[in-house]
Amino acid sequence: MLSELNKAILDASMLIQTLVRERYTDTALKLVGMLKAICVPSLILYEIGNALVILTRKNLITKEDAVRKFKSFSSIPTLNIMEPTLGRAIEIAIELKITLYDASYLALALEADAPLITADRELYDKGKKMAKVIHASEVIL
């Protein structure tokens with residue numbers, strides 16, 4: 001289904017799975033390896049970093065693991081940080097009753113003319129009304 005896709009927006013729910021084993025880890029790793037451009041808003045750095053901090057606090061990974069994983073994530077060569085128009089993201093957040101964080105991924109999907117791939121069921125359900133959104137469970141590579 002997505003084998004000819006070159007560019008996509010991957011949200012934190014997908015990208016964290018490249019660092020921590022979860023349900024869609026294999027899919028996330030294949031997408032990162034396949035896509036020529038992974039478009040993300042800069043908030044992704046904070047979202048991934050925060051997830052790693054939480055895992056450290058829960059003693060699931062060490063501080064050294066968190067730092068190593070963050071460096072690994074931030075050095076993905078196809079990762080392209082792009083800022084969506086904040087006003088548009090705010091409008092989307094209000095209209096869909098979602099967080100501004102999630103709305104920023106949708107705004108970026110619209111502005112970059114690329115699908116958003118997410119493992120977040122609520123973002124998928126609400127976002128598909130406005131943009132091309134693919135749930136991780138639908139990805140066939």
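What follows draws every value from the coordinates through simple rules; no lab data is involved. Nothing here was measured: the structure is a model prediction, and the numbers come from that model. Because the Cβ atoms are built from the backbone with ideal geometry, glycine has one as well, and the counts that use them run over all protein chains shown.
Dipole magnitude for the chain: computed about the Cα centre from +1 point charges on Lys and Arg Cβ and -1 point charges on Asp and Glu Cβ, it is near 380 debye. Comparing mean-square fluctuations of K58, K126, K71 from a GNM of the chain with C-alpha springs under 10 Å, the top value falls on K58.
Cross-link partners for K128 among the lysines, with Cα-Cα distance under 20 Å and sequence neighbours closer than 8 places in the same chain left out: K7, K97.
For the stretch 7-67, a crude dipole built from +1 on the beta carbon of Lys and Arg and -1 on the beta carbon of Asp and Glu, taken about the Cα centre, is about 80 debye to the nearest 20. Estimated from helices alone, the mean residue ellipticity of the chain at 222 nm is -15000 deg cm²/dmol (sum of -39500 (n - 2.57) over DSSP H runs with n ≥ 4, per residue). If you wrap the Cα atoms of the chain in a convex hull and average its projected area over all directions, you get 7.9 nm².
Relative to the longest principal axis of the Cα atoms of the chain, the long axis of helix 25-34 makes an angle of roughly 70 degrees. Taking I81, I38, I48 as the candidate residues, the one with maximal mean-square fluctuation in a Gaussian network model of the chain, Cα springs under 10 Å, is I81. Relative to its residue count, the stretch 58-117 spans a Cα convex hull of 121 Å³ per residue.
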